[in-house]
Amino acid sequence: MAAEFTPEEVTYVATLARLQLSEDEVQHYAQQLSAVLGHIDAIRALDLAGVPPTSHSFDLVNVLREDIVEPGVDRDEVLRAAPLAESGRFRVPPILGEAP
Amino acid sequence: MSFLTPGWELTVGLEVHCELQTKTKLFCSCANVFGEEPNTNVCPVCLGLPGSLPVLNRMAVEYAMRIGIALNCRVEPSIFHRKNYFYPDMPKDYQVSQYDAPINVDGFIELPGGTRVGIERAHLEEDTGKTSHMGGGGRIHDADYSLVDYNRAGVPLVEIVSRPDITSPEDARAYVSELRSILVASGASDGRMEEGSLRVDANVSMRRTGTSELGTRCEVKNMNSLRSLGRAIEYEALRQVELLESGDRVVQETRHWNENEGRTSSLRSKEEAFDYRYFPEPDLVALDPEAEWIEAVRKALPQMPSARRAQLGAMVLSTDASLDEHALSDQIATVVDLGLDQLVTASIAEGADGRLALARCANEAATRPDEARALDPTAFCELILLESSGKISATQSKAVLGAMLDNSGTPAEIIARLGFEGVDEDRLGTIVDEIITANPKEWQRFVEGDEKVAQFLFGQVMKQTKGQANGKLVAQAFNARKGS
Amino acid sequence: MSAFEIADAVRTGVISARTVVSRALERIASQEGELHCFNIVTREEALASADAIDAKVSRGEDPGPLAGVPVALKDNLCTRGIPTTCSSKILEGWLPPYDATVVERLRAAGAISVGKTNLDEFAMGSSTENSAFGPTKNPWDHSRVPGGSSGGSAATVAAGYVPLSLGSDTGGSIRQPASFCGVVGVKPTYGLVSRYGLIAFASSLDQIGPFATTVADSALMLESILGHDPRDSTSLDKVPTSIVSALSLGVSGLRVGVISDFLVDADDTVVDAVRGAAVALSSAGAKVDEVAIPELMNGLAAYYLIAPAEASSNLSRYDGVRYGLRVDGPDVASMNARTRALGFGSEVKRRIMLGTYVLSAGYYDAYYTQAQRVRTLVARAFNRAYEQFDVLIGPTTPSVAFGFGQKTEDPLAMYLSDLFTIPSNLAGHPAMSVPFALGEHGLPIGVQVFAPALGEPVMFQVANAIEAAQQERSRGPVGVSESRRS
Ligand SMILES: [Mg+2]
Ligand SMILES: [Zn+2]
């Protein structure tokens, strides 16, 4: 079965990833991503039962830091980078929904 | 269950987010403090600046283990995941949290009333920043814009997820209250719900009595006191019952508790799918505390409130077998909750009146818990002994305790300074005799059993002693002369 | 002059750091208009640093093993107060408030940064054509790409601007451009070099490494940046500290495996180069055999699931709130979406969408978990081969440098140029590309040397032997004199 990245799926992931796309772009990306997915889709057919997944190359554990305060970054330097700041804080357009 | 229509059963599961009292944040060395100027406790890591990387705070892990052990959980090997969603208070637009391999699993809390509530998990995660909504009504829905402060971003949290074992608003409150005491006792949290260091979300669902399958649940957020937790659950339960009885269905969603309006409302402002795309955080490695570390944490863990309440109750009772433990349970809970049990137990050990020590702690000392915890138990015991032996009156004792909380000296020094003369039994006897002689008619009526005149005679003694006589001893003196 | 020679001359006062740096700046000025290796040249800062080194020398202090050596930094390494863009519009104008660990370490070693080099946007690409600020040209042939994503860093060394530069390698982004530009490029063991301050593409695969004109110079640079860093939780703490000293050990008795699977899909001249290197190693005393490791061929698919997945999450933070570009909108979500639409180029968007897709609820197990299992297989297959061999060799890329525009419209064709480099990233193992021969159109071909985790010493031993047997060059990069290259 050939994998397909449908225009609906492009729209869905673009919404999740906060990317505004035009209708043309949706079609264009659907086509390109289908080609890429078609190539890598073969991976699904591999029988890998019993093979553990690797998320990190090396099994390091318990890498910890002591609970000691160190100076951070100066607020002026931080806010200078902000596209828009007000009273020591980052200003953003209205937020339409509460955090999930 | 009185508030519910018969035939319905309430099921509640609680998610409690608890800020840990570490010195620094979860993944960076910025100070973990409340109430600073906005964006002054930030660094590349907690601002999510490009190129920055997290390093886990050892103390946060230790506090998480303390909480897990105190909640009877198993401490397990764990990993961190990224929970991906966009929100301006989240500097990286993902939250680092524990997902399918949390540090603590499968514990329980025994409530004072005897109910056992299961704990599914207690996992580590990072807090978000804070947004303020400007213009409009200052609320999110009608704001013109918002301002973001990242001081809180990256503060360590332990999220404690209960099993849906809670069946009444009272038990929900009792659960949070008990959990709060445990968290404070473990040293992991300051337990302040109003300041947001303890935040409670409730998953509420209704089902018909006798059915086993749980109903559709709603998650209720934004309760910032035990009182509002109870009210919100009650409101939400009734709302759901009303829907279900009219043939509607409950939509699974997050609802916001509005304290002023006394109701919950839907948070969904528009159709937005949440697909968190959890995956293992590649910038952090696994956490697998050695058995010795877990054991050391277990050993160092102070006694938990339930054990302390039992111990305190037994000690108070041992001083007077006629006492009713049930009647004292509120005082015992208050004293343990505020961490003042040491004062009472130390006093009892020195032979002081247990009921009196408990009352002074639960009523007077409890009004200033921070200062009370700093009191010298020996000095407190001295005070209770002075009061119980009648050297000072109850009123005087309270005044002396107040001065002790102001840190202005030992009981003896304070008594001397305030001029509270000790009214000993000899002097009291002389005064009582004088009053009997001066008021023969009243004395006769007292001997015949007139209760009203007793107040007059006692009042005369108090007048003579400028209120410094011990009421109990005064009564004893008059009664003794009545018989002779 | 090599980095070794420069550092020696500066330390002994034979030449001043200012002179060395001024000459590098002159070379840059003369060719940069044509090549576009840099996003920014930090002329004033470089000269000031050179003066500081010279002052140290005159005070009799140790100016460090890289004293006065001009270096270039890939523009995804954070440099305090100096623009760091990842060649993306979304970060244009951003000034990091901190230095990457490698930047601190290079400075401590006495190296002098002359600027930030061009790359494929957020290191996503194999040609440097995905830069928002225009492509870099291959110094050997200006109609061809330098490879990528570290194209600017490879080209700046190939062009003779500087003897050393830093790149980052997630799926071949150091080794592939090194091969295309005829220079040495090293991807160290994952965790050997701190990633703190490297702007993440795919965190579990990214590693910083050097470009140099010689194997010895690359070892010198690697030695000065490697080692444990408490700011990177994935940083290894028990690591080889001496790599330079391994160079002279020779290859006598070493067992070298030639990965036969990689010879199937490579161009003839590339295959010839690998076989030539094998013969050279054999004559130098190594025991050389072919070895089939078919599992490695599944690496590409796993990589194009794992890397975009991690990238989609790593790049979420570019949302217009705290730094960089903002395109305003009526609400915060549309502001985010507009900012990212304008700020990211199409390759970055493609990978974010692909990564979002593979992590989303319905596909996670089928794609992402499966790719992680393939990752396990790749590492196991390598380790099995290392039971028989001390090192492995193979081609770095299937072909020599390709022309501009040749693969831009076909993402898949572009992705295939990483086929031989990706497996090392998946396994976390080291690998490096050493220029060995000239192929089609007289363009350079690199031979790739693979070693097990933390096997850098033996990898450099073999790389040094391959370099010593380097085939005669009929020509070099355009405009670079012979003396600069040798
Ligand atoms: Mg949570
Ligand atoms: Zn911080």
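The values are calculated or read from the model by the stated rules, or taken from the named source; none is laboratory data. Remember, it's a predicted structure, so these values are computed and weren't measured experimentally. Don't worry about glycine lacking a Cβ; one is built from the backbone with ideal geometry, like all the others, and counts go over all protein chains shown. Please note that ligands, DNA and RNA were not included when accessible areas were found on the heavy atoms of the full protein model with its side chains. Shrake-Rupley method; radii C 1.70, N 1.55, O 1.52, S 1.80 Å.
Structure values in brief
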item	result
Accessible area in square angstrom per residue, the stretch C:282-371, 1.4 angstrom probe	25 Å²
B:ALA412 paired with B:ASP450, simple spin-label distance in nm, labels 7 Å along Cα-to-beta-carbon	4.5 nm
Solvent-accessible area of C:MET1 with every protein chain in place, 1.4 Å probe, in Å² to the nearest 10	90 Å²
For chain B, calculated [θ]222 nm from helices alone, where every DSSP H run of n ≥ 4 adds -39500 (n - 2.57)	-12000 deg cm²/dmol
Loop-exposed GluC sites (Glu not before Pro) per DSSP, neighbour cap 10 Cβ within 10 angstrom, longest uninterrupted part of chain C	C:62-408
For the pair A and C, total buried accessible area rounded to nearest 100 Å², probe 1.4 Å	5000 Å²
Whole-number accessible area per residue in Å² for the stretch B:377-484, which is evaluated in the context of all protein chains at 1.4 Å	55 Å²
Full-extension gain in nm, C:ARG275 to C:SER143, via 0.36 nm per residue minus C-alpha separation	44.7 nm
Ratio of Rg to Rh over the stretch B:40-182 (Cα coordinates, Kirkwood Rh, two decimals)	1.05
In the stretch B:121-200, the chymotrypsin sites (Phe, Trp or Tyr not before Pro) that fall in loop regions by DSSP, at most 15 other Cβ within 10 Å	none
Calculated from backbone phi, Karplus (6.51, -1.76, 1.60) coupling profile of the stretch C:159-164 in Hz, x at Gly/Pro	6, x, 5, 9, x, 9
Accessible-area composition of the protein assembly as shown, carbon plus sulfur, in percent [1.4 Å probe]	49 percent
Test item: A:45-51 mean partner chain Cβ contacts at 10 Å	4
Shielding by other protein chains, C:365-373, mean Cβ within 10 Å	6
Crossing angle, helix A:7-16 versus chain A [Cα axis fit, 0-90 degrees, rounded to tens]	20 degrees
Amide H partners (placed H, <5 Å) of B:THR264, local residues excluded	B:ASN258
Protein accessible surface hidden between B and A, which excludes ligands and nucleic acids, total in Å², probe 1.4 Å	4400 Å²
0 to 90° range, to nearest 10: angle between helix B:325-337 axis and chain B longest Cα axis	60 degrees
Table column - 3J(HN,Hα) (Hz), the stretch C:271-288, Karplus curve with 6.51, -1.76, 1.60, x for Gly and Pro	4, 4, 4, 4, 5, x, 5, 4, 4, 4, 5, 4, 5, 7, x, 7, 9, 10
The stretch C:46-103 - convex hull of alpha carbons, volume per residue in Å³	94 Å³
Straight-distance crosslink candidates among lysines, where the alpha carbon sits under 27 Å from B:LYS83 and sequence neighbours closer than 8 are dropped	B:LYS23, B:LYS25, B:LYS92, B:LYS130, B:LYS221, B:LYS270, C:LYS89, C:LYS349
Area hidden from solvent between C and B (accessible, protein heavy atoms only, 1.4 Å, total, Å²)	2700 Å²
Cα-based shape type of the protein assembly as shown, given that a ≥ b ≥ c are square roots of the gyration tensor eigenvalues and the cut on a/c is 1.5	prolate
Separation between Cα centres of the stretch B:91-164 and the stretch B:294-329, rounded to whole Å	31 Å
Distance histogram in 10 Å bins (all Cα pairs of chain C, percent per bin)	5, 22, 33, 27, 11, 2, 0, 0
Peptide-level mean, for B:137-147, of C-beta atoms on other protein chains within 10 Å	4
Principal-axis tilt of helix B:291-300 within chain B, Cα atoms, nearest 10 degrees	30 degrees
Loop trypsin sites (Lys or Arg not before Pro), the stretch A:12-100, which have at most 14 other Cβ atoms in a 10 Å radius of their Cβ (DSSP)	none
Ranked order, C:ARG23, B:ARG308 - accessible area, probe 1.4 Å, largest first	C:ARG23, B:ARG308
The stretch B:101-176 shape via C-alpha gyration tensor axes, a/c threshold 1.5	oblate
Net charge over other residues, Cβ less than 15 angstrom from the Cβ of C:ILE225 (K, R count +1; D, E count -1)	-3
Where only C-alpha atoms are counted, convex hull volume of the stretch C:326-390 per residue in Å³	122 Å³
Under-5 Å amide H pairs with C:ILE174, H placed in peptide plane, nonlocal only	none
Solvent-accessible surface (1.4 angstrom probe) belonging to C:LEU416, in square angstrom, nearest 10	70 Å²
Amide H partners (placed H, <5 Å) of B:ILE119, local residues excluded	B:GLY107, B:PHE108, B:ILE109, B:ARG163
For chain B: Kirkwood Rh in Å [reciprocal of mean 1/r, alpha carbons]	26.4 Å
Inter-probe distance in nm under a simple model that places probes 7 Å from Cα toward Cβ, at C:VAL14 and C:ASP365	6.6 nm
Karplus 3J(HN,Hα) series, Hz, for the stretch B:383-393 with 6.51 cos²θ - 1.76 cosθ + 1.60 (x for Gly, Pro)	4, 5, 5, 4, 5, 5, 8, x, 5, 9, 7
